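As structure tokens, the structure follows; a few thoughts come after it.
The values are calculated or read from the model by the stated rules, or taken from the named source; none is laboratory data. Everything numeric in this text was worked out from a predicted model, so none of it was measured. Glycine gets a Cβ as well: all are built from the backbone with ideal geometry, and neighbour counts include every protein chain shown. Remember, those area values only see protein heavy atoms, side chains included, never the ligands or the DNA or RNA. Shrake-Rupley method; radii C 1.70, N 1.55, O 1.52, S 1.80 Å.
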Protein chains: 2
Amino acid sequence: MAAQLTYSNSTDILSEDGILKLLAKHFPVTHPSLLLGRGDDCAVLSNKTPLAISSDLFLEDVHFRKTYFTPEETGYKALAVNISDLAACGARPLGFSLCLGLPASIDVPWLEKFITGMAELAKKYNIILAGGDLSQCEKLHICITVWGEPVVQGGFLVRGGSMPGDILFVVGRLGLARVGLQVLEEAGRNALNNWPDACAAHLRPEPQIDAGIMLARAGYNARPPALMDISDGIMRDLPRLLGLSGGLRATGQTQGGGLGAEIVLARGQLHPEVIRHALQQGLDPVHEALLGGEDYALLGSCAPDMLPALNAAIPGLTSLGVVTSGGNILCNNELLDNLNSGFDHFMRQA
Amino acid sequence: MAAQLTYSNSTDILSEDGILKLLAKHFPVTHPSLLLGRGDDCAVLSNKTPLAISSDLFLEDVHFRKTYFTPEETGYKALAVNISDLAACGARPLGFSLCLGLPASIDVPWLEKFITGMAELAKKYNIILAGGDLSQCEKLHICITVWGEPVVQGGFLVRGGSMPGDILFVVGRLGLARVGLQVLEEAGRNALNNWPDACAAHLRPEPQIDAGIMLARAGYNARPPALMDISDGIMRDLPRLLGLSGGLRATGQTQGGGLGAEIVLARGQLHPEVIRHALQQGLDPVHEALLGGEDYALLGSCAPDMLPALNAAIPGLTSLGVVTSGGNILCNNELLDNLNSGFDHFMRQA
């Protein structure tokens with residue numbers, strides 16, 4: 001339906017066929033996981049295993065700004081944040097669908113760069129674009145659904161299942177993307193000069209697919225690690241891992257009742273740009289790292305005897321503390337008294 | 001990431017947890033097709049068969065208007081248009097993910113009605129809400145990915161595969177939703193008085209799931225029908241069914257080369273409101289019916305000896321004509337001279 005759109009015979013504008021040709025140029029159409037690819041009413045997945053599936057919005061002026069994201073970075077990150085959910089399940093990505101709402105300001109060169117950035121990441125992980133939808137939209141809105149397969153029989157890693165005495169770990173940097181967001185909001189791309197790693201963490205987050213797969217393999221002949229990706233900061237997501245907070249688990253399920261954690265986060269474990277930024281603002285760097293969302297780092301727990309192998313196999317894995325049987329979470333011996341003080345994408349002024 | 005959002009302790013606003021509780025109230029969490037439901041980074045589908053999957057955008061002021069859609073109708077139609085793609089593959093719907101961009105103007109009562117309308121349709125077809133994403137957004141933006149299973153071994157119905165001599169058929173009304181859109185745009189919900197069926201076709205389209213499943217079953221021991229749903233009108237979609245137009249099949253595939261069609265669409269086959277509306281505007285009712293998109297009717301072809309059984313089994317199935325070996329499409333003996341004159345969601349003024 002597009003009754004409010006005007007037909008035009010001009011050749012330098014975006015047509016649906018033109019956009020589809022751009023996609024065809026940059027994304028292959030066949031894949032071992034697909035029985036039927038783009039072009040029909042549905043794609044058909046030839047599932048021989050269970051599938052992990054996740055959908056995410058990536059919206060202009062909510063999740064990114066065109067003022068400081070290049071088109072390539074926009075396309076890259078739109079897919080990367082989705083793939084991160086697969087990493088958090090220890091899944092190997094297979095395919096995705098792409099829904100694109102495009103404003104009139106988007107032209108062919110911009111769109112081709114956007115597609116190039118997305119295709120680069122899809123190629124890296126051999127993920128097929130299986131279908132999607134296109135529409136006009138006032139702002140650039142991207143909605144991606146991504147799916148993947150298990151790497152070991154027995155399936156995927158999930159939240160829950162932590163036990164007292166388990167080691168808590170993270171893979172990736174804490175708080176770095178939050179600094180990147182803040183400095184990019186303040187100074188635009190000029191921020192890249194003084195905060196290169198923080199800006200990169202926000203503009204081009206690296207999904208931890210390899211780490212997720214290694215964690216899934218580690219769980220094949222042992223009690224599997226619990227795993228999630230950190231989207232709202234440790235302070236909000238750690239209770240979710242332990243089952244202390246409903247969070248997104250609005251399912252009525254309760255689990256892990258009575259678990260707690262003692263974590264240690266020393267200033268020396270933080271990225272220098274996180275420390276420098278917090279100190280410039282008169283803030284506690286550790287607190288800022290705990291609050292930091294959007295890092296697309298993995299947060300997990302495992303049995304203590306699994307840790308040495310994980311440490312050896314997974315670059316960037318650092319232990320954070322232990323799971324306890326109390327209901328409290330202590331960080332550096334202090335109680336995290338307000339576990340719900342992280343981001344809520346919906347809290348806003350009435 | 002929601003750095004621009006303001007925290008608030010007010011209780012009458014939408015919080016993420018509040019929205020998730022509303023969803024939990026109206027949508028069940030378990031389903032035979034799910035190994036893991038809402039609440040983790042991914043849902044896990046227990047696939048024992050191939051899956052048909054489709055994603056669609058449903059955007060305020062592009063695909064619907066809040067001025068004349070009730071919240072229930074908005075939620076209903078957002079899911080219905082997605083399910084229609086499964087109908088076009090002869091699939092039985094299993095689950096969906098829901099990405100919701102919500103403007104500040106949406107309050108809890110509105111959202112609950114929206115969810116109620118969507119849940120009514122999900123319940124009718126026993127479709128599980130498996131996950132999704134929430135975000136603030138300037139307008140109400142809905143992106144749904146839906147998946148389904150085949151009802152017979154051998155899988156799904158697709159476009160292509162038509163042969164000369166095959167019977168072309170439609171299931172559903174042609175042009176009625178287009179009339180509904182036009183009268184609702186002109187008169188808002190007052191249009192319901194004079195154009196009740198046309199408005200209903202636009203506001204509450206019925207996905208043709210049962211018809212799709214019966215068509216898939218008919219193809220089990222015979223050459224399967226070719227099938228698609230009509231989203232851009234017969235004039236644009238019939239060439240796609242026959243493989244004459246790339247359309248969404250931007251895959252480099254070519255098929256059905258040289259096929260054509262001879263269709264007959266008599267005024268008497270059209271809904272009285274389509275005829276009345278066209279005549280009021282001084283237009284040819286048949287032409288309007290050929291142009292009409294968004295009907296969520298099914299368009300297909302089958303071997304002639306299959307037609308009697310289909311006619312008996314599928315209410316609302318009407319034959320439209322025959323597939324020919326010429327490359328032309330004739331309607332009522334006139335050449336459809338401009339096959340690309342249907343809707344293009346992206347054609348706009350430069």
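Assorted remarks:
- Rounded to 5, percent antiparallel among DSSP beta bridges of chain A: 75 percent
- Split the accessible area of the protein assembly as shown by element, probe 1.4 Å, and carbon with sulfur accounts for 52%.
- Distances between copies at B:Pro103, taken between label points 7 Å from Cα along the C-beta direction, are 1.5 nm in increasing order.
- Approximate spin-label separation A:Val264-A:Asn328, in nm, with each point projected 7 Å along Cα-to-Cβ: 1.8 nm
- Those residues of the stretch B:59-87 whose amide nitrogen sits under 15 Å from the label point placed on B:Glu120, 7 Å along Cα→Cβ: B:69-81
- Pair B:Lys21, A:Glu185: separation of 7 Å Cα→Cβ label points (nm): 2.7 nm
- Exam field: B:Asn311 pseudo-label spacings to other copies (7 Å along Cα-Cβ), nanometres: 7.8
- Label zone at B:Gln153, where the point sits 7 Å out along the Cα-to-Cβ direction: the stretch B:206-248 residues whose backbone N lies under 17 Å: B:217-224
- Considering only the protein assembly as shown, percent of DSSP beta bridges that pair antiparallel, nearest 5: 75 percent
- Shortest-first nm distances, A:Lys21 label point to equivalent points in other copies (7 Å, Cα→Cβ): 5.3
- Dipole-positive endmost among B:Ile53, B:Cys99, B:Ile142 within the protein assembly as shown (Cβ charges, Cα centre): B:Ile53
- Taking the Cα centre of the protein assembly as shown as reference, the dipole from Cβ charges on Lys and Arg (+1) and Asp and Glu (-1) amounts to some 1120 debye.
- Residues of the stretch B:203-242 with amide N under 15 Å of a point placed 7 Å along Cα→Cβ from B:Asp305: B:219-225
- Proximal lysines to B:Lys139, defined as alpha-carbon separation beneath 26 angstrom and excluding residues fewer than eight positions away on the same chain: A:Lys66, A:Lys77, A:Lys139, B:Lys21, B:Lys25, B:Lys66, B:Lys77, B:Lys113
- Relative contact order of chain A, pairs being alpha-carbon contacts under 8 Å that are 6 or more residues apart, as %: 21 percent
- In the B-A interface, the accessible area buried, summed over both sides, Å² (probe 1.4 Å): 8500 Å²
- Point-charge dipole on Cβ atoms (K/R +1, D/E -1) for chain B, about Cα centre, debye to 20: 580 debye
- Pair A:Thr70, A:Ser46: separation of 7 Å Cα→Cβ label points (nm): 3.7 nm
- Charged-residue dipole, Cβ positions (Lys, Arg, Asp, Glu), the stretch B:1-143 about Cα centre, Debye nearest 20: 520 debye
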